[in-house]
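As structure tokens, the structure follows; a few thoughts come after it.
The values are calculated or read from the model by the stated rules, or taken from the named source; none is laboratory data. For clarity, every value in this text was computed on a predicted model and none was experimentally measured. Cβ sites come from the backbone with ideal geometry, for glycine too, and all protein chains shown count toward neighbours. For the accessible areas, the whole protein counts, side chains as well, though only heavy atoms, and no ligand, DNA or RNA atoms are used. Shrake-Rupley method; radii C 1.70, N 1.55, O 1.52, S 1.80 Å.
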Amino acid sequence: QVQLVESGGGWVQPGGSLRLSCAASTIIISWYNMGWYRQAPGKQRELVATITSGGSTNYPDFIKGRFTISRDDARNTVYLQMNSLKPEDTAVYYCNAARNTINYWGQGTQVIVSS
């Protein structure tokens, strides 16, 4: 059974930083396009960052310059470094692994940005 386990969420003040981790089991993440998504209360899930199997990264405009996605193949783990956090970044953050028609999701980790 594929497992994507997110960690690293929590509470942080505006302007602070957090690093999320997504550890994968039974799949090799470098074979997949990995992504981070988030869902705030009452809103649809939205894309935050992606890293392809080839290592290319992509971010939506509202994220660029603040978040960085990376991958450690030896640890089979994907990271999301989040800097300059804003209250509107408050959401549950989910890890995703995609390959052709296959999609795997983690259970999510809560991020709260508040003073």
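Could you list, in sequence order, the residues of region 1-25 that are assigned to a loop (DSSP other than H, G, I, E, B) and over 15 Å from Asn103 (Cβ atoms)?
Residues of region 1-25 assigned to a loop (DSSP other than H, G, I, E, B): 1-2, 8-9, 13-17.
Residues satisfying the conditions are Gly8, Gly9, Gln13, Pro14, Gly15, Gly16, Ser17.
Among the residues of region 1-30, those that are open to solvent by 50 Å² or more (accessible area, probe 1.4 Å) and either in contact with a helix residue (DSSP H, G or I) (Cβ under 9 Å, 6 or more places away or on another chain) or over 19 Å from Ser70 (Cβ atoms) (or both) comprise Gln1, Gln3, Trp11, Gln13, Pro14, Gly15, Thr26.
Looking at region 91-107, can you tell me whether even one residue there is β-branched (Val, Ile, Thr) and open to solvent by 80 Å² or more (accessible area, probe 1.4 Å)? Talk me through it step by step, then tell me what you get.
Taking region 91-107 and keeping what is β-branched (Val, Ile, Thr), we get 92, 101-102.
Narrowing further to those that are open to solvent by 80 Å² or more (accessible area, probe 1.4 Å): 101.
Yes, some residue in region 91-107 is β-branched (Val, Ile, Thr) and open to solvent by 80 Å² or more (accessible area, probe 1.4 Å).
Look at (1) open to solvent by less than 60 Å² (accessible area, probe 1.4 Å); (2) touching a Gly at 6+ places or on another chain (Cβ under 7 Å) and you find that Val48 fails only one, number (2).
Here is a yes/no grid of residues against (1) open to solvent by 30 Å² or more (accessible area, probe 1.4 Å); (2) aromatic (Phe, Trp, Tyr):
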| residue | (1), (2) |
| --- | --- |
| Tyr32 | no, yes |
| Trp36 | no, yes |
| Gly54 | yes, no |
| Lys64 | yes, no |
| Ile69 | no, no |
| Asp89 | no, no |
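Among the residues of region 41-81, which ones are under 19 Å from Tyr93 (Cα atoms), small (Gly, Ala, Ser) and over 14 Å from the mean Cα position of the chain (by Cα)? Within region 41-81, Gly42, Gly65 meet the criteria.
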